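The values are calculated or read from the model by the stated rules, or taken from the named source; none is laboratory data. Small disclaimer: the values here were computed from a predicted structure and weren't measured. Backbone-built Cβ (ideal geometry, glycine too); neighbour counts: all protein chains shown. All accessible areas refer to the heavy atoms of the entire protein, side chains included, with ligands and DNA or RNA removed. Shrake-Rupley method; radii C 1.70, N 1.55, O 1.52, S 1.80 Å.
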Amino acid sequence: MLSLNDARLRWNQIFDNFSSASSLKQAISEQLGAEDPCVAGLRSVCWKLFILYPSYTPQLWVPELRVHRSTYEALCTEHLTLIRGGTLGAPDIDPLAEDEGNPWEQYRLDVELRAEIMQDVERCMPDIEFFRQPTIQTKLCDLLMVYCKSADGKSLGYRQGLHELAAVLLWVVWNDAVEVKPPEEEKLETLDEKEDLMEVVLDGRFVENDTWALFCAVMKHAKEWYDAGPEGQSGCAPIVAKSKYIHEALLMATDPELAMHLKALDVLPQVFLIRWIRLLFSREFPFEDLLKVWDALFAEDTDLHLVDLVCVAMLLRIRWQLLEADYSTALTLVLRYPSPLDTPPATFVEDAIYLRDNLSSEGGNVIIQKYSKRTPSVASSNSRPTPPSRRRFAGRSTQQRTLSPSKSWTPASGIESIVQDVAKNVLSQSQRWGVNRAVRGAVEVRRSLAPSPGPPIPHPKNISSEEQELVKQNAKLIKRIAADEERQRTLARILELGMQAVENGNHAEGTRRLSHVKECLLDLTKVVNRSLLQQHVPVSLPGSPSPPLLSSPPIGTDDQGISATRTPNNAASGRPVIKKVAISPPGSFVKASFKNNSDPDFLSRTERPRTTLAQSSFAWMLGDDPAEKIKSSFVPKDKQGKRTGEAAKGKDGSMKANDIEDDVVDLGELGKMKGPL
Amino acid sequence: MSRLILAIGDFHIPDRAPDIPAKFRKLLAPGKIGQILCLGNLTDKETYEFLRGVAPDIQIVKGDFDVEAPNLPLSKVVTHGGLRIGFTHGHTIIPQGDSDSLLIEARRLDCDVLLWGGTHRFEAYELEGKFFVNPGSATGAMNSGWWADDEEPVPSFVLMDVQGTALVVYVYQLRPGEDGEKHVSVEKITYRKDTTGS
């Protein structure tokens, strides 16, 4: 609340210095600091001007203001009388009757609604004292309730988040309001002087009414963000589509590298954009800064379309951090948006306006450069399909990739995208099949077998037979790997031929080959079409080194080869193969061992007192069906494996239980990471 | 929370009545009622659980047959809006159901509205600015007393809605209709506290 004199000063600040709404908007976009009409003047008046009453002269919009206020009054009596303890419209009604039109039934729903709203209002902006006052909370609750029950918001109902939007508006209107002595009716009717006008506009008795009017105006455009979409299909909500649009169209256009990176990390845009947009960034910035953002936003665009680009601008600001981030770091970054220290958040709106006019990667570069003094290298993103930081998460993105056609991503470069896809796929296959895990498992078995001769071994026979079994399977697997390598080589050749065809201008031929390779890689059981090898295009000799494209991610080729023959049905082929260590490329092995080290179970194993074989970590080998058990623990992703593992846990010692639990926990974490997406 | 207050008592289950009438049970759905004032003779735990389901806020006074709950108070007072509502089973008021004795009890409790039970007969009247309501028995259990020939206790309870200093009482009674079936009849009585006097 302002004193009358202060309010008058501020009022004049606006209406003396600015002759029109456009000049006011201009002043706000220039960010004058203390001179800002929203700071020195009256923010609520500015907002009302921008959102509610486009005509600048107060004389013209005061009648409209009156209409708003009386409308709210009427709605209050319509919707709040019951809940405020007033009498019912139709008094002779059995309160317990279960009719549709029973006002008591309505009352019961109102009570529930109010409880729901009040719960949110009570914990809204906990660090601002203003919102802890019961009178303010009641006001907020009332106006939200009226909105939810009036024609505007009836289809929407109450949604969490509405209260935060309303809270900011209420705060602004309340702060600018003046205490007015109840004037005589006549005086209200004959208003021409500016001063009196001001008292009417800022009348403290109508804070709630004015806030409601502002809220309704904002909600006109914000409503669709809260719309849950068709019943039962949460994925179809407009906000999700909007998030996708921001990510795949806007961000893609301004900063393809960042967009691809987020996509590769599988940070779904709606995870953070829902909050950014629904609350109009009120959780992302400190309160004072937030008001400035809203100033700029309302001044520029009352339809709030600019919000999309503000989101893009915010992402561009933390671009470099995001590019270096892995999944969880990236999520933390976007969910706890680092508040910019040197530049006020209102600059995001400025950037958004710039992007609106320059929606291209050049425009994006300008923004990036403006704040980081670094220019993204556009070319590098294409030549390196998976930079190291991405590799870790490639596995997670494959599933989505196979489901959604990659064409939707970069429709412009068809062949390029196929090539990229192939390379990525090769990499991610190894992750998906858990080859590394199998290798690590094999190594561990070896390791724990080696020192065991020390203490008495209860069942040496079992061990030796076990080893024989391992060797046998080893041979089998090596054979399979050889076959896979052969298949791989064939594919490589087809790929090379395809590339040549493309180079020679024979696009149809080239694309056919490339897509065949892609299909083969995606579907491991697919038979390679050898007819594609015989072509008039000069063919390289068999046995020649694989073409450069495939050799660039050598990790993938091998792993791919292993997994190529493996379908979910014969997943058992991921059996311990000690030799595989040699086959496995350096990169992935290093990673596996790194993971191994971080495994607490592994660390503690060395310190553990030596136990009998029955209690050792590989005691499951001694079970009824050893081969079955091996299978299960080496391919932990396999459901069957999990089941046998758990069953075995019950039978055998605690150590083994530990091991299996670790695997299960691992799985759980994987699931969790995918969970919110 | 709903602002409706349910006053109900004298169940006498299972000694004198098998259960709350099904039609009453149907009416008393959970979520409709804010507070229950139970006027005693609840007698069994199942009924208590049922009432708890209707509304978690339940205030009970002791009736002469609530032998298993010796610690219940004999009378209680709750405040709603501008009204103090006292309630008691009334077996300690002698002569039972006598209006002058009830007036003394109402003054003792300093309440504007006194609810009492024990007689299994619905009553509501105003006396010296105070309002007296007996919701009767929820099950229509038989009771000693002066009953006319072929007159039987009628199952009944009351629902109260406080609006400031006014009290609207809805009386629910299960009366036999012309077709022989029993029907729930609802009546409304309004009491307004006289705030102009002393």
**Asked** Which value in nm describes the separation of the simple spin-label points at A:LYS479 and B:GLU123, placed 7 Å from the Cα toward the beta carbon?
**Response** 10.2 nm
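Work out the P(r) tail for segment A:256-320: percent of alpha carbon pairs separated by more than 21 Å, whole number. All intermediate terms of the calculation are to be shown ahead of the outcome.
Values: 548 of 2080 pairs.
Summing the P(r) tail past 21 Å for segment A:256-320 gives 26 percent.
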**Prompt:** Can you give the FRET efficiency for B:ILE94 and B:THR190, using 1/(1 + (r/R0)^6), R0 = 41 Å, r = Cβ-Cβ distance, to the nearest 0.05?
**Reply:** 0.85
**Prompt:** With every protein chain left in place, what is the accessible area per residue of segment A:476-532 in square angstrom, probe 1.4 Å?
**Reply:** 48 Å²
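Efficiency by 1/(1 + (r/R0)^6): what FRET value for A:ASN12 and A:LYS526, r their Cβ-Cβ distance, R0 = 45 Å, to the nearest 0.05?
Numbers: r = 78 Å, r/R0 = 1.73.
Between A:ASN12 and A:LYS526 the formula returns 0.05.
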**Request:** Would you grab the residues whose amide H sits under 5 Å from the one on B:ARG84? Only those 5+ places off in sequence or on another chain, please, with H modelled 1.01 Å from N.
**Result:** B:ASP112, B:VAL113
**Asked** Residues of segment A:238-372: accessible area per residue at 1.4 Å, in Å²?
**Response** 34 Å²
**Item:** Rounded to whole Hz, the Karplus (6.51, -1.76, 1.60) HN-Hα couplings of segment B:130-146, x for glycine and proline
**Value:** 9, 10, 10, 10, 10, x, x, 9, 5, 9, x, 5, 5, 8, 6, x, 8
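Using R₀ = 41 Å, calculate the FRET efficiency as 1/(1 + (r/R₀)^6) where r is the Cβ-Cβ separation of A:SER70 and B:ASP110; round to 0.05.
Values: r = 44 Å, r/R0 = 1.08.
Taking R0 as 41 Å, the efficiency between A:SER70 and B:ASP110 is 0.40.
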**Message:** Please list, ordered by chain and number, the residues whose modelled amide H lies under 5 Å from the amide H of B:GLN163; skip anything fewer than 5 residues away on the same chain.
**Reply:** B:VAL168
**In Hz, Karplus ³J(HN,Hα) per residue of segment B:51-58 (6.51, -1.76, 1.60; θ = phi - 60°; x = Gly, Pro)** = 5, 4, x, 5, 7, x, 8, 10
**Fill in**
In square angstrom to the nearest 100, the accessible surface buried at the A/B interface, both sides summed with a 1.4 Å probe, amounts to 1400 Å²
**Request:** Give me the percent of DSSP beta bridges within segment B:4-192 that run antiparallel, rounded to the nearest 5.
**Result:** 70 percent
**Item:** Charge dipole (debye, nearest 20) of segment A:476-532; +1 at Cβ of Lys and Arg, -1 at Cβ of Asp and Glu
**Value:** 300 debye
**Prompt:** Put +1 on the Cβ of every Lys and Arg and -1 on every Asp and Glu Cβ in segment A:1-144; which of A:VAL67, A:GLN26, A:GLN133 then has its Cα farthest towards the positive end of the dipole?
**Reply:** A:GLN26
**Message:** List the residues of segment A:104-133 for which accessible area in the full set of protein chains is at least 30 Å² lower than for the chain on its own; 1.4 Å probe, protein heavy atoms only.
**Reply:** A:TRP104, A:TYR107, A:ARG108, A:VAL111
**Request:** Take B:LYS45, B:LYS62, A:LYS48 and sort them by solvent-accessible surface of the protein heavy atoms, 1.4 Å probe, largest at the top.
**Result:** B:LYS45, B:LYS62, A:LYS48
**Fill in**
Computed from every Cα-Cα pair in segment A:238-372, P(r) in 10 Å bins starting at 0 and rounded to whole percents is 13, 48, 36, 3
**Prompt:** Label A:GLN369 and A:TYR327 with points 7 Å out from Cα along Cα→Cβ: what is the distance between them in nm?
**Reply:** 3.6 nm
**Distance between segment A:110-150 and segment A:9-74 - C-alpha centres, whole angstrom** = 27 Å
**Request:** Pick out, from B:GLY53, B:THR43, B:HIS12, the residue whose Cα sits farthest towards the positive end of the charge dipole of segment B:3-69, with +1 on the Cβ of Lys and Arg and -1 on the Cβ of Asp and Glu.
**Result:** B:GLY53
**Inter-site label distance for B:TRP147 and B:VAL67 at 7 Å from Cα along Cβ, in nm** = 2.2 nm
**Prompt:** In debye to the nearest 20, how big a dipole does chain B give about its Cα centre with +1 on each Lys and Arg Cβ and -1 on each Asp and Glu Cβ?
**Reply:** 840 debye
**Asked** Considering only protein heavy atoms and a 1.4 Å probe, what is the carbon-and-sulfur percentage of the accessible area of segment A:476-532?
**Response** 51 percent
**Threshold 30 Å², segment B:3-38 residues less accessible with all protein chains present than alone (1.4 Å probe)** = B:ARG3, B:LEU4, B:LEU27, B:LYS32
**Asked** If we count every other residue with Cβ under 13 angstrom of A:ASP210's Cβ, Lys/Arg +1 and Asp/Glu -1, where does the sum land?
**Response** +1
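Counting only protein heavy atoms and a 1.4 Å probe, tell me what percentage of segment A:238-372's accessible area is made up of carbon and sulfur. Walk me through the numbers before you get to the answer.
Values: 2420 of 4540 Å².
Using a 1.4 Å probe with all protein chains present, segment A:238-372 comes out at 53 percent carbon and sulfur.
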**Complete:** Note on segment B:34-116: alpha-carbon gyration tensor, axes a ≥ b ≥ c; rule is a/c under 1.5 for rounded, else prolate if a/b larger than b/c, else oblate; result oblate
**When each of A:LYS223/B:LYS26; A:LYS242/A:LYS526; A:LYS154/B:LYS32; A:LYS244/A:LYS518; A:LYS48/A:LYS373; A:LYS263/A:LYS479 is checked by Cα-Cα distance, pairs over 32 Å** = A:LYS223/B:LYS26; A:LYS242/A:LYS526; A:LYS48/A:LYS373; A:LYS263/A:LYS479
